[in-house]
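Worksheet: the structure to be examined is printed underneath.
The values are calculated or read from the model by the stated rules, or taken from the named source; none is laboratory data. Since this is a predicted model, take the numbers as computed values, not measurements. Here the Cβ positions follow ideal geometry from the backbone for every residue, glycine too, while neighbour counts run over all protein chains shown.
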Amino acid sequence: MSKIQKTDHFYLIDGSGYIFRAYYALPPLSRKSDGLPTGAVSGFCSMLFKLLEDSKSNQNLQKPTHFAVIFDSARKTFRNEIYSDYKANRSEAPDDLAPQFEYIRKSVLAFNLPSVDLPNYEADDLIATYVDQIIKKGAKVTIVSSDKDLMQLYQKNVRIFDPMKNKFVTEEDVIKKFGVDASKVIDVQSLAGDSSDNVPGVPGIGIKTAAELINKYGTLEKLLKSAHEIKQNKRRETLLENKDKALISKKLVTLDHKSPIKRHLDEFQLKSIDKEKLYKFLREMEFNRLLSSAISAYGEPDLTSSVPETKNIEKQSPINNKNYYLISNADEIDEWVKEAEELGEVAVDTETNSLDPHQAELVGISLSSKIGKACYIPIGHKSSKCIKKGAVIKKLKKLLEDPSVKKIGQNIKFDFIVLFKHGITLSAMEDTMLMSYVLDAGKNRHNMDTLSELHLGHKTISFKEMVGTGKKEINFSEVEVEKAKDYAAEDADVTFRLYKKFLKNLKSEKLINIYEIFEKPLIKILAFMEIEGVEIDSKFLTSLSKKFEKKNINIRKRYI
């Protein structure tokens with residue numbers, strides 16, 4: 001076992017709180033293969049994935065070294081032995097949520113994280129016990145929960161992150177909520193009670209009055225001992241009559257810091273993601289969008305074992321630069337335009353000096369209308385003689401705006417935005433990235449390098465080979481034209497080949513309507529949303545936010 005260091009940082013996640021937030025955050029979802037409800041599992045996985053990525057980002061100065069997800073084990077706990085009506089007002093879990101609990105716990109294991117629960121105890125008790133152990137060893141803790149009861153644990157080296165509000169709880173937040181600092185939260189709760197947990201408290205005393213009394217007398221016990229001295233008759237009588245309720249309430253709201261936990265802190269050490277295990281789980285649950293996000297974050301799966309389509313290589317002519325041409329003057333563009341017009345389709349790819357299409361300047365354009373044949377038109381390379389941008393735009397504008405000629409691209413929205421800035425509005429667009437997504441969804445990433453290897457059996461020239469990495473990295477505009485030609489023309493050639501294969505597959509798998517009706521029309525819509533922006537009704541969003549906040553509070557009172 002590894003020794004806990006003072007530099008260690010533990011993230012303790014209130015998994016039960018996450019479950020209900022996930023359940024009510026998404027509309028009902030189900031697995032197509034067997035109808036299993038999956039909305040809560042999907043939401044839970046998405047939140048856990050986001051938390052993991054955010055916690056490891058460079059923006060987070062206190063990255064986790066240890067990570068654990070803590071769950072409630074059952075509805076009844078030792079508190080029901082103290083007060084039989086504890087949480088008696090809670091409804092049973094919705095019918096479509098109950099079968100998801102098992103898969104939520106499996107999802108934690110799929111992310112290679114420890115899952116912890118203990119019969120007869122609540123997640124909050126386990127968190128309190130672990131916090132004490134961690135602090136005793138000099139390490140730090142971040143509790144991830146929206147549960148107000150955990151505010152009693154707020155102290156030095158213990159942060160509380162509220163995922164519902166997406167902010168860290170401050171000392172001011174605790175005082176605003178309970179009217180006292182964290183050390184006296186239990187005493188205030190004992191007097192005020194808690195309707196959501198059916199904690200009785202003292203009738204007629206709310207948070208404000210409770211805070212006033214505790215701030216004056218220090219503790220619940222001192223208050224009750226001195227209750228006969230209180231001048232207000234009704235308040236004095238209420239406290240004296242309900243002394244037992246107050247003391248029982250304190251037992252109910254006080255977290256057990258000595259829960260008989262079985263898992264040791266060493267077991268919480270944050271491990272690397274097991275891609276095979278995670279991707280398998282996400283595929284089984286049919287969480288395709290999350291799988292794509294996970295692949296983007298953690299890298300490609302083992303293609304040979306997880307994607308059978310790797311064997312289905314398109315039988316086309318070998319990909320090489322034999323028929324890749326460098327355009328040296330504007331007049332040479334005419335024959336490529338004529339060929340595209342006659343064939344009615346052309347693959348188009350723009351090379352730029354930035355990955356942001358709104359900031360990018362054109363460096364070159366590649367075209368391909370026949371498999372194995374492509375050209376590159378250099379425009380903005382610094383080291384070589386290029387064709388004037390205006391002349392190229394003039395030659396290509398009619399073709400690229402012609403609705404009778406298909407313009408094929410890989411993520412063609414990028415090219416649309418770049419060319420739109422230069423007075424060209426692409427029409428009749430096709431996108432191999434979208435076609436791939438419709439066909440394979442979350443099976444693999446949908447970038448060109450991956451698609452070329454999967455479907456064409458060809459490893460493309462990588463962008464890093466062009467520009468280098470680290471201190472030696474250059475801008476694409478600084479790449480030699482001959483070198484850029486092979487890279488850019490290959491992009492157009494590969495895109496054209498993929499289009500031919502995907503079009504055939506979409507038709508044979510009867511998915512062509514999904515692509516044509518739902519995916520393709522969004523290219524232009526999303527492009528113009530980026531170009532022109534979206535008008536925001538801030539007043540409406542503010543009122544909607546308040547409405548959702550009230551709804552969340554009511555839901556939490558019923559189920560958490």
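Taking the conditions exactly as written (in a helix (DSSP H, G or I) and hydrophobic (A, V, I, L, M, F, W, C)), does ILE523 satisfy them or not?
Criteria met by ILE523.
Listed here are the residues, each with its yes/no results for (1) under 24 Å from the mean Cα position of the chain (by Cα); (2) at pLDDT 85 or above; (3) outside any loop (DSSP other than H, G, I, E, B).
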position	(1), (2), (3)
LYS262	no, yes, no
ILE273	yes, yes, no
SER296	yes, no, yes
THR310	no, no, yes
ASN321	no, no, no
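For ALA492, are the conditions met, namely being touching a Gly at 6+ places or on another chain (Cβ under 7 Å) and either among the charged types (D, E, K, R) or part of a helix (DSSP H, G or I) (or both)?
The answer is no for ALA492.
Taking LEU118 as the residue in question, decide whether it is in a loop (DSSP other than H, G, I, E, B) and more than 27 Å from the chain's Cα centre (by Cα).
yes
Of everything in segment 452-480 that's among the polar types (S, T, N, Q) and in contact (Cβ under 8 Å) with a residue 12 or more places away in the chain, which residue is farthest from ALA492 (Cα to Cα)?
ASN475
Are there any helices (runs of 4 or more DSSP H) wholly within segment 174-226 with 1 or more residues that are surrounded by 22 or more Cβ atoms within 10 Å (Cβ to Cβ), in contact with a Gly (Cβ under 8 Å, 6 or more places away or on another chain) and free of Cβ contacts under 8 Å to residues at least 60 places away in the same chain, and if so which?
Values: elements: 185-192, 207-217, 220-225.
Output list reads 185-192, 207-217.
Quick check on ALA210: is it touching a Lys or Arg at 6+ places or on another chain (Cβ under 9 Å) and more than 19 Å from ALA128 (Cβ to Cβ)?
So ALA210 does not fit the description; no.
Residue check: is GLU509 surrounded by 11 or more Cβ atoms within 10 Å (Cβ to Cβ), modelled with pLDDT under 90 and not assigned by TED's automatic domain parsing to the domain that holds MET429?
no
Checking MET433 against (1) crowded, with 21+ Cβ neighbours inside 10 Å; (2) touching a residue at least 60 places away in the same chain (Cβ under 8 Å), which test does it fail?
Among (1) crowded, with 21+ Cβ neighbours inside 10 Å; (2) touching a residue at least 60 places away in the same chain (Cβ under 8 Å), MET433 violates only (2).
For segment 34-49, indicate whether the set of residues that are part of a loop (DSSP other than H, G, I, E, B), exposed (fewer than 12 other Cβ atoms within 10 Å of the Cβ), of a type in the set (D, E, K, R) and modelled with pLDDT under 90 is non-empty.
Initially, segment 34-49 is screened for residues part of a loop (DSSP other than H, G, I, E, B), giving 34-36, 38.
Checking which are exposed (fewer than 12 other Cβ atoms within 10 Å of the Cβ) leaves us with 34-35.
Of the ones still in play, those that are also of a type in the set (D, E, K, R) are 34.
From the residues that got through so far, the ones that are modelled with pLDDT under 90 too are 34.
The answer is yes; a qualifying residue exists.
Answer with yes or no whether LYS137 is modelled with pLDDT of 90 or more and out of contact with any Ser or Thr (no Cβ under 9 Å at 6 or more places or on another chain).
Against the criterion (modelled with pLDDT of 90 or more and out of contact with any Ser or Thr (no Cβ under 9 Å at 6 or more places or on another chain)), LYS137 qualifies.
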